[in-house]
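Participant: Could you have a look at this structure, given as structure tokens, before my questions?
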Amino acid sequence: MKDINLRYIEGEIRIPSACGLLGYINKKGELTSGYHIVSAMGVMRERGNGLGAGFAGYGVYPDREDYYALHLFFEDNKAKEETSSLLYKYLDVVQEEKVPTRKVRTIKDPPIIWRYFAKPKEDYIEESETTEDDFIVDLVMKINSRISGAYVFSSGKNMGVFKGVGYPEDIGEFYKLEEYQGYTWIAHSRFPTNTPGWWGGAHPFSLLDWTVVHNGEISSYGTNVRYIEMFGYKCTLMTDTEVIAYLIDLLIRRHKLPVDVVIKALAPPFYSIIDVMEEEERRKMKAIRAVYQSCLLNGPFAIIVGFKDGIIALNDRIKLRPLVAGENGDFVYVASEESAIRELSPSPDRVWMPRGGEAVISTLEEKGVLV
Amino acid sequence: MKSLYESDFLVIRDETKCIRCKVCVRQCANEVHQYDEEEDRVVADSSKCVGCHRCVALCPTKAITIIKNPLEFRANYQWTERAIKDIYKQAETGGILLTGMGNDKNYPIYWDRLLINASQVTNPSIDPLREPMELKTFIGRKPERLEFDSYGNLITEIPPQLELEVPIMFSAMSFGSISINACESLARASMEVGTFWNTGEGGLHKKLYPYKDRAIVQCASGRFGVDIDYLNAGAAIEIKIGQGAKPGIGGHLPGEKVGEEVSKTRMIPIGTDAISPAPHHDIYSIEDLRQLIYALKEAVSYKKPVGVKIAAVHNVSAIASGIARAGADFIAIDGFRGGTGAAPMRIRDNVGIPIELALASVDTRLREEGLRNQVSIVAAGSIRNSADVIKAIALGADAVYIATSALVALGCHLCQNCHTGRCNWGIATQDPYLVKRLNPDIGARRASNLLRAWEHEIKEMLGGMGINALESLRGNRLMLRGVGLNEKELEILGVKHAGEGI
């Protein structure tokens with residue numbers, strides 16, 4: 001069994017999976033405990049098979065909000081030492097510790113799970129003439145692709161990803177999520193077709209403060225990967241979700257595209273719709289489709305993207321995977337199933353089914369309209 | 001001199017069926033069939049037969065069949081019939097062996113060693129009968145990124161693009177190498193289906209101006225037919241550096257094919273050989289190419305894409321990268337199986353490399369250099385069917401060019417005698433008597449039928465892969481698997497072997 005797990009380890013092969021998604025935001029930025037999302041995931045137990053689950057919380061590290069919170073999995077101490085020396089070389093680390101966990105009967109063989117609060121040393125930023133974010137991205141890529149047995153699974157500020165192999169309730173308990181407070185929470189439960197040998201394969205997938213949870217199998221994967229690789233991203237995990245996270249990072253952070261344009265690049269309207277648009281809009285849409293053709297995500301998917309200012313949920317163009325949205329007061333919810341929304345909010349003001357390619361975007365009110 | 005060259009074919013006539021209507025006599029421009037009045041029977045001189053099947057197709061009683069001459073040389077792997085006969089021919093003429101169409105030798109056909117993926121369970125296939133399926137393709141330079149103002153208006157100016165409804169264009173075939181009716185058939189099919197045809201280096205005949213909006217006009221080393229009206233007429237301009245059938249040499253149109261119309265269109269005297277030089281005499285290096293690209297862009301006020309066509313040769317990826325950097329909006333790569341109206345046989349059969357390998361290596365190189373997204377790639381030279389198109393696009397092509405397939409749709413039987421100008425199907429000829437055999441109404445319908453049929457098949461296969469827009473197949477080599485290929489071939493093609501998972 002051990003050998004098989006080694007051969008079919010995530011990152012060596014691509015493992016298709018089905019999933020359950022859930023996410024919510026309080027638009028006023030009020031914090032809620034991780035307890036709620038963990039228990040709400042319980043109603044979608046059927047959508048996973050205990051082989052991967054994870055959460056992301058935003059606003060969970062208010063005391064360290066100016067520092068990148070790097071969460072890492074280490075297979076052994078050697079990987080940890082190697083990584084640590086790299087991190088201390090390039091970063092000012094203000095705090096490092098084991099991520100607090102508790103023993104859970106069903107969670108077996110967890111890796112070493114460690115977190116560092118740090119920021120890039122100014123010398124290196126000046127020397128490489130880069131931004132702090134780019135510097136962190138490069139460092140994450142370097143660790144994930146070069147250091148065997150080490151994997152950065154969370155790298156944003158004032159946010160954190162908590163994931164592993166297990167059912168969501170167990171992973172939530174393992175990480176003591178009830179002790180964290182966040183204004184946005186995102187969760188994922190996974191039904192992979194193979195046994196992923198490794199915790200890094202669970203969702204959310206994250207880079208800087210972007211997190212993605214995803215249900216689906218991207219048939220455009222080969223096209224998307226080869227596109228993103230041209231911009232220096234290295235897809236080490238071979239998961240669709242990783243590619244989606246990188247695409248979003250590229251389009252929003254590096255190409256500085258407005259969010260609605262990014263949505264149109266990932267899940268563009270059909271030409272039959274574009275053809276009847278007003279001329280200016282048509283010109284714009286055709287340009288997006290032509291220039292960002294390799295960003296189109298094809299095949300079935302529902303994704304929830306979290307970032308420091310809000311959440312975005314999106315379906316593929318013909319809605320081949322479920323996605324439902326709800327609203328109650330300052331809360332906006334998105335989920336694979338309405339039941340999960342009603343678990344969080346028994347009688348929401350509104351529940352609706354977004355159309356294929358139609359995004360649900362909700363942001364913190366103080367942040368106003370997204371650029 | 002007594003010829004030792006025995007005929008390639010035998011014409012077999014069923015005397016019980018022959019009604020002496022003499023259709024075959026009138027139809028065969030090679031004068032194979034003769035009516036013997038004294039004996040009241042039609043006789044055949046098989047030595048002149050090229051195997052084009054025109055007589056077979058038109059014989060009202062189906063009395064004729066053509067077979068390969070069963071005459072056997074002593075079996076010999078080294079000295080095949082072809083090897084021996086080629087020597088007889090050269091010993092008798094002292095000339096370069098000429099031929100038409102593409103390389104017919106037994107080299108590997110990589111298309112047939114690649115298999116296409118389909119969805120099962122974890123990813124639903126999409127049914128093109130019930131869901132939209134998009135094949136729209138843009139050919140032209142694209143900026144690396146778009147910029148928008150604070151109101152969300154697009155600021156970036158998009159360079160001119162060709163907009164294709166199907167990812168298949170008709171490749172360059174000049175008026176001269178093919179007949180005006182063949183040109184018109186393809187031009188009209190392009191209009192109908194929403195794709196483009198290519199003038200080749202033959203200029204644009206007045207009769208074809210109505211189809212100019214769907215024409216890619218070629219500027220080749222001979223500059224035949226090139227003036228400002230010609231450049232402005234087309235939807236795009238293609239600089240022809242080379243072609244797959246004869247890399248390293250220029251075009252050749254024998255004087256016999258240069259009648260009044262060809263002469264006017266090419267702007268050369270009647271009856272002169274139209275021999276374009278091997279290189280462009282103003283391009284001796286990559287920076288010269290850049291000058292020509294920008295001279296042409298200037299000439300058309302940057303309103304049309306300017307592309308460059310090259311033959312697939314050993315160093316094709318580095319050359320393509322240079323062409324992209326020189327400012328080309330698209331690069332057409334023509335593989336060694338690409339056809340031609342006339343080429344020296346030794347060059348056709350021995351120079352160049354397969355398009356599959358060339359395409360894969362160009363696409364990979366342009367990606368490594370971060371250029372791929374900015375320039376379009378058109379793959380040409382041996383696309384036989386819709387599966388080949390799918391495979392080309394998965395390897396990295398934006399679109400493909402077809403020419404041999406298009407001519408076959410018009411009735412070509414691949415007899416490889418285009419260079420003689422005696423095409424019985426009215427395609428590769430300028431003889432008015434032969435040309436009128438190809439009715440452009442019917443030709444246009446046959447050519448557009450072919451594109452429509454392929455379009456349907458591509459949609460079916462795309463849907464099967466769980467893809468509903470062609471761009472998601474582009475460069476998606478995970479959708480391909482190799483069979484019977486060695487490690488090196490798989491590495492160059494960038495595909496895994498069948499049996500390996502994702």
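The values are calculated or read from the model by the stated rules, or taken from the named source; none is laboratory data. Just so it is clear, the model here is predicted, and its values are computed rather than measured. FYI the Cβ positions are ideal-geometry reconstructions off the backbone, even for glycines, and counts take in every protein chain you see.
Participant: Which strands (runs of 3 or more DSSP E) sit wholly inside the range A:184-294 and have at least 1 residues that are over 30 Å from residue A:28 (Cβ atoms)?
Facilitator: A:184-192, A:210-216
Participant: Residue by residue through the range A:111-151, note down the ones that are more than 17 Å from residue A:66 (Cβ to Cβ), in contact with a helix residue (DSSP H, G or I) (Cβ under 7 Å, 6 or more places away or on another chain) and assigned to a loop (DSSP other than H, G, I, E, B). It would help to see each step written out before you state the result.
Facilitator: Taking the range A:111-151 and keeping what is more than 17 Å from residue A:66 (Cβ to Cβ), we get A:111-114, A:123-124, A:126-130, A:134, A:137-151.
If we keep only those that are in contact with a helix residue (DSSP H, G or I) (Cβ under 7 Å, 6 or more places away or on another chain) too, we end up with A:111-112, A:114, A:124, A:128, A:139, A:143, A:147-151.
Once the filter is applied, which keeps residues that are more than 17 Å from residue A:66 (Cβ to Cβ), in contact with a helix residue (DSSP H, G or I) (Cβ under 7 Å, 6 or more places away or on another chain) and assigned to a loop (DSSP other than H, G, I, E, B), the range A:111-151 yields A:111, A:147, A:148, A:149.
Participant: If you check A:224, A:215, which single one turns out to be facing chain B (nearest Cβ under 9 Å) and not acidic (Asp, Glu)? Write out each step before concluding.
Facilitator: Numbers: A:215 fails: facing chain B (nearest Cβ under 9 Å).
None of the others qualify; the one that does is A:224.
Participant: Identify, by number, the condition in (1) within 19 Å of residue B:396 (Cα to Cα); (2) of a type in the set (D, E, K, R); (3) assigned to a helix (DSSP H, G or I) that residue B:481 doesn't meet.
Facilitator: For residue B:481, the exception is condition (3).
Participant: So, one more: Just one of the numbered conditions (1) within 14 Å of chain A (Cβ to nearest Cβ); (2) surrounded by 21 or more Cβ atoms within 10 Å (Cβ to Cβ); (3) touching a residue at least 12 places away in the same chain (Cβ under 8 Å) is not true of residue B:472; which one?
Facilitator: (3)
Participant: What number of residues within the range A:295-326 satisfy the criterion of being within 14 Å of another protein chain (Cβ to nearest Cβ), under 28 Å from residue A:346 (Cβ atoms) and part of a strand (DSSP E or B)? Steps first, please.
Facilitator: Looking only at the range A:295-326, we keep the residues that are within 14 Å of another protein chain (Cβ to nearest Cβ), and these are A:295-302, A:315-322.
Cutting the leftovers down to under 28 Å from residue A:346 (Cβ atoms) gives us A:302, A:315, A:319, A:321-322.
So of that shortlist, the ones also part of a strand (DSSP E or B) come out as A:302, A:315.
Going through the range A:295-326 one residue at a time, the tally reaches 2.
Participant: Among B:54, B:82, B:41, which is crowded, with 17+ Cβ neighbours inside 10 Å, out of contact with any strand residue (DSSP E or B) (no Cβ under 7 Å at 6 or more places or on another chain) and either of a type in the set (D, E, K, R) or without any contact (Cβ under 8 Å) to a residue 12 or more places away in the chain (or both)? Step through it out loud before you land on a result.
Facilitator: Details: B:82 fails: crowded, with 17+ Cβ neighbours inside 10 Å; B:41 fails: crowded, with 17+ Cβ neighbours inside 10 Å.
Unique residue meeting the criteria: B:54.
Participant: List the residue pairs whose Cβ atoms are under 7 Å apart, where the first residue sits in the range B:99-113 and is on the phi < 0 side of the Ramachandran plot, the second is among the charged types (D, E, K, R) and part of a loop (DSSP other than H, G, I, E, B), and the two are 6 or more positions apart or on different chains.
Facilitator: From residues that are on the phi < 0 side of the Ramachandran plot, the pairs are B:102/B:337; B:103/B:337.
Participant: Hey, another quick one. Determine, yes or no, whether residue A:337 is more than 10 Å from chain B (Cβ to nearest Cβ) and surrounded by 18 or more Cβ atoms within 10 Å (Cβ to Cβ). Before you say what the answer is, go through the steps one by one.
Facilitator: Values: more than 10 Å from chain B (Cβ to nearest Cβ): yes; surrounded by 18 or more Cβ atoms within 10 Å (Cβ to Cβ): yes.
Spelling it out, residue A:337 is indeed more than 10 Å from chain B (Cβ to nearest Cβ) and surrounded by 18 or more Cβ atoms within 10 Å (Cβ to Cβ).
Participant: Check every one of the helices (runs of 4 or more DSSP H) wholly within the range B:285-396 and list those with 2 or more residues that are surrounded by fewer than 20 Cβ atoms within 10 Å (Cβ to Cβ) and within 19 Å of the chain's Cα centre (by Cα).
Facilitator: Working: elements: B:286-299, B:316-325, B:345-350, B:355-368, B:386-395.
The qualifying helices (runs of 4 or more DSSP H) are B:345-350.
Participant: Within the range B:272-317, can you find the residues that are free of Cβ contacts under 8 Å to residues at least 24 places away in the same chain and hydrophobic (A, V, I, L, M, F, W, C)?
Facilitator: We begin by selecting, within the range B:272-317, every residue free of Cβ contacts under 8 Å to residues at least 24 places away in the same chain; these are B:272-273, B:282, B:284-285, B:288, B:291, B:295, B:298, B:301, B:315.
The one that is free of Cβ contacts under 8 Å to residues at least 24 places away in the same chain and hydrophobic (A, V, I, L, M, F, W, C): B:295.
Participant: Spot the failing condition for residue B:250; the list is (1) surrounded by 16 or more Cβ atoms within 10 Å (Cβ to Cβ); (2) on the phi > 0 side of the Ramachandran plot, and only one is missed.
Facilitator: Single failed check for residue B:250: (2).
Participant: May I ask you to list the residues in the range A:227-260 that are of a type in the set (A, V, I, L, M, F, W, C) and within 11 Å of chain B (Cβ to nearest Cβ)?
Facilitator: Quick first cut of the range A:227-260, residues of a type in the set (A, V, I, L, M, F, W, C) only: A:228, A:230-231, A:235, A:237-238, A:243-245, A:247-248, A:250-252, A:257, A:259.
Result: A:228, A:230, A:231, A:238, A:250, A:251, A:257, A:259.
Participant: Can you tell me how many residues within the range B:103-126 are outside any strand (DSSP E or B) and either at pLDDT below 90 or out of contact with any helix residue (DSSP H, G or I) (no Cβ under 6 Å at 6 or more places or on another chain) (or both)? Spell out the reasoning first.
Facilitator: First pass over the range B:103-126, keeping only residues outside any strand (DSSP E or B): B:103-113, B:117-126.
Adding the requirement that they be either at pLDDT below 90 or out of contact with any helix residue (DSSP H, G or I) (no Cβ under 6 Å at 6 or more places or on another chain) (or both) leaves B:104, B:106-109, B:112-113, B:119-124.
Residues flagged as outside any strand (DSSP E or B) and either at pLDDT below 90 or out of contact with any helix residue (DSSP H, G or I) (no Cβ under 6 Å at 6 or more places or on another chain) (or both) within the range B:103-126 amount to 13.
Participant: For residues that are in contact (Cβ under 8 Å) with a residue 40 or more places away in the chain and of a type outside the set (Phe, Trp, Tyr), scanning just the range A:261-275, find the one that is nearest to the other protein chains (Cβ to nearest Cβ). Lay out the reasoning, then the answer.
Facilitator: Taking the range A:261-275 and keeping what is in contact (Cβ under 8 Å) with a residue 40 or more places away in the chain, we get A:263, A:266-270.
Narrowing the set further to residues that are of a type outside the set (Phe, Trp, Tyr) leaves A:263, A:266-269.
Values: A:263: 12, A:266: 11, A:267: 10, A:268: 8, A:269: 10 Å.
Result: A:268.
Participant: Kindly evaluate residue A:313 against the criterion of being crowded, with 23+ Cβ neighbours inside 10 Å and closer than 19 Å to residue A:259 by Cβ. Don't jump to the end; show me each part of the working.
Facilitator: Details: crowded, with 23+ Cβ neighbours inside 10 Å: yes; closer than 19 Å to residue A:259 by Cβ: yes.
Considered against the rule, which asks whether it is crowded, with 23+ Cβ neighbours inside 10 Å and closer than 19 Å to residue A:259 by Cβ, residue A:313 comes out as yes.
Participant: Then there's this: Residue A:278 fails exactly one of the following numbered conditions: (1) within 10 Å of chain B (Cβ to nearest Cβ); (2) closer than 21 Å to residue B:161 by Cβ; (3) of a type outside the set (A, V, I, L, M, F, W, C). What is the number of that condition?
Facilitator: So residue A:278 meets the others, but not (1).
Participant: Quickly run through the range A:49-100 and pick out the residues that are more than 22 Å from residue A:33 (Cα to Cα), part of a loop (DSSP other than H, G, I, E, B) and in contact with a Pro (Cβ under 7 Å, 6 or more places away or on another chain).
Facilitator: A:51, A:75
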